[in-house]
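Each remark here refers to the structure printed beneath this line.
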Amino acid sequence: MLCGVGGSAAGGVVAGWDVEQVLALAPDAASAKAGQGLARGEKWSGSGGSERALWGLCQGSGKKPYQTVVDLGGPAFKCSCPSRKFPCKHALGLMLLSAGGQLAEGPEPEWASSWIEERANRAEKAAEKGEKKPGEVADPLAAQQRVVRRAERVSAGMAELQSWLDDQVRRGLGGFEQRGYSELSRLAARMVDAQAPGVAGAVRRAAAVVGRGHGWPGELLEELSLIHLIVSAHAHLTELPPSLADTVQSRIGWTVETARVLAEGEKVEDDWLVLGRVVEPDDHLTVRRLWLRGSSTGRLALILTFAAGGRQLDPLPARPGELVPAVLSYYPGALPMRALLTQTAPRLPAPRPGGLTAKQALASYVESLAADPWNERWPLVLADVRPTPNGDNWALVDANGDALEVLPGVDLWKLLAVSAGDPVTVAGEWNRAGFKPMTCWHGERPVILS
């Protein structure tokens, strides 16, 4: 049922979505706050809703108002504003307006209906393509030849990289501050040509370290050591255990088809607690990492979602702090983390999860490195920690006085407000640079931090 402007809050167009659920779609806290600021009727003109869409015009800083439309079938979002966040604050404001029963039902304007119908046509074509059997290859012989040619290019690239690393050992790093960045950038481009994009990324990370801060030589050696390790592992690929060989191939940049993962990947059924999410927007590709923990199995999992620049990410299966009943199909590897999710039942509320001390958390990360030395990120749930100033930064201190440093630049105001000096449970993502909080719990209520 639809309500007119100023109607009852019980009858919004966004059937089944309440304010909290809409806010959970926000890519970050700033977007959620900005969306709430736009959830007022006077901010919009030409707005309305139908059974399948919401739309409206919101005046920004330019001459023309932004055109915002929400496809309720996703939900999916489109807005003419310059933001690269999905959903943007205008889409969030429009959904919040509807959730509050402040949108009138009406005929869809052409600019909204044309986009909705375009999406429907794309979905229909995708469904037609999906009728092909999973993993079916049109020309198996040609596909095998492509694999052989790529393997040869990768091997040539690894040999060139090994030679360069050997040269550095002989010459030392003297003068590397002047020549290192250009040499590593050239090598990264060479690895792209060699069809080893994972190694190219590792070389670019090493290039970014050169000359950065007083401790850059140590950080550079760490990065180069990991590159040397993967080059050596590639040279002995056939001698490695199959799971470790899969990890090495993955770190080099070989991909595993989704159909193969769904058909052959390890299956684990559980009620999966959504620990949190991290969204990294970019000009060309937006990446979302969704971290899960099995409530019965204790298994950890990472659901990666990608969206090309200008397109929105798929909806979350559940909000951080909720359970999503599902079967996960894990990608192969020595440290199976990445998985595909097949939801089996509606999401469920969840109690506050148990957590680790700082020492236990670091020990779990070290254990992960023993299985996969190139593991860059690790999900942690910390129990009874307090945010505490640590020089120019912050740290989370547990009851034993041990601490994990927070990633520099992370906005901690929401966590500080929830904690108010008391210990809290915090889920986050750990990497070598620090801890990024994703979700905390105020009593039994989850609070999304990122």
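The values are calculated or read from the model by the stated rules, or taken from the named source; none is laboratory data. Everything quoted here is computed from the prediction, not taken from an experiment. Neighbour counts run over all protein chains shown; Cβ positions are idealised from the backbone, glycine included. SASA here: full protein model, heavy atoms, side chains in, ligands and nucleic acids out. Shrake-Rupley method; radii C 1.70, N 1.55, O 1.52, S 1.80 Å.
The table for this structure:
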{"read-out": "Where labels lie 7 Å past Cα in the beta-carbon direction, separation of T344 and A417 in nm", "value": "3.9 nm"}
{"read-out": "Of all accessible heavy-atom area on the chain, the percent that carbon and sulfur account for (1.4 Å)", "value": "54 percent"}
{"read-out": "Nonlocal amide H pairs with G211, under 5 Å, H built at 1.01 Å", "value": "none"}
{"read-out": "Sum of -39500 (n - 2.57) over DSSP H runs of 4+, divided by residues of the chain (222 nm, nearest 500)", "value": "-12000 deg cm²/dmol"}
{"read-out": "The chain: angle of helix 358-371 to the longest principal axis, Cα-based, in degrees nearest 10", "value": "60 degrees"}
{"read-out": "V169-A208 FRET efficiency (beta carbon distance; Förster radius 25 Å; 0.05 resolution)", "value": "0.70"}
{"read-out": "Three-way shape label, region 183-245, alpha-carbon gyration tensor, a/c 1.5", "value": "oblate"}
{"read-out": "Angle between the chain longest axis and helix 140-171 axis [Cα atoms, degrees, rounded to 10]", "value": "60 degrees"}
{"read-out": "Simple Cβ-charge dipole of region 270-331, Lys/Arg +1 and Asp/Glu -1, about Cα centre, in debye nearest 20", "value": "100 debye"}
{"read-out": "Most to least accessible of M337, M438 (protein chains only, probe 1.4 Å)", "value": "M337, M438"}
{"read-out": "Farthest positive-ward along the chain dipole, Cα basis, beta-carbon charges - from P82, V274, G218", "value": "P82"}
{"read-out": "The chain: angle of helix 197-209 to the longest principal axis, Cα-based, in degrees nearest 10", "value": "90 degrees"}
{"read-out": "1.4 Å probe accessible area per residue over region 318-360, in Å²", "value": "43 Å²"}
{"read-out": "Residue (of V154, P379, A263) at the positive-pole extreme of the chain, dipole from beta-carbon charges", "value": "V154"}
{"read-out": "S31, S61, S225, reordered so the largest accessible area comes first (probe 1.4 Å)", "value": "S61, S225, S31"}
{"read-out": "Shape call, region 244-371: gyration tensor on alpha carbons, a/c limit 1.5", "value": "rounded"}
{"read-out": "Solvent-accessible surface ranking, highest first, for D270, D28, D282 at 1.4 angstrom", "value": "D282, D28, D270"}
{"read-out": "For region 155-293: accessible area per residue (Å², 1.4 Å)", "value": "50 Å²"}
{"read-out": "Normalised per residue, the volume of the convex hull around the Cα set of region 393-450 (Å³)", "value": "82 Å³"}
{"read-out": "Measure of compaction for region 209-252 (Cα Rg per 2.2 N^0.38 Å)", "value": "1.47"}
{"read-out": "Tensor-based shape of region 330-379 (alpha-carbon gyration tensor, a/c under 1.5 rounded, otherwise prolate or oblate)", "value": "oblate"}
{"read-out": "DSSP loop GluC sites (Glu not before Pro) with at most 16 other Cβ within 10 Å excluded, longest remaining stretch of the chain", "value": "137-256"}
{"read-out": "Kirkwood hydrodynamic radius of region 313-447, from inverse mean 1/r over distinct Cα pairs, in Å", "value": "16.1 Å"}
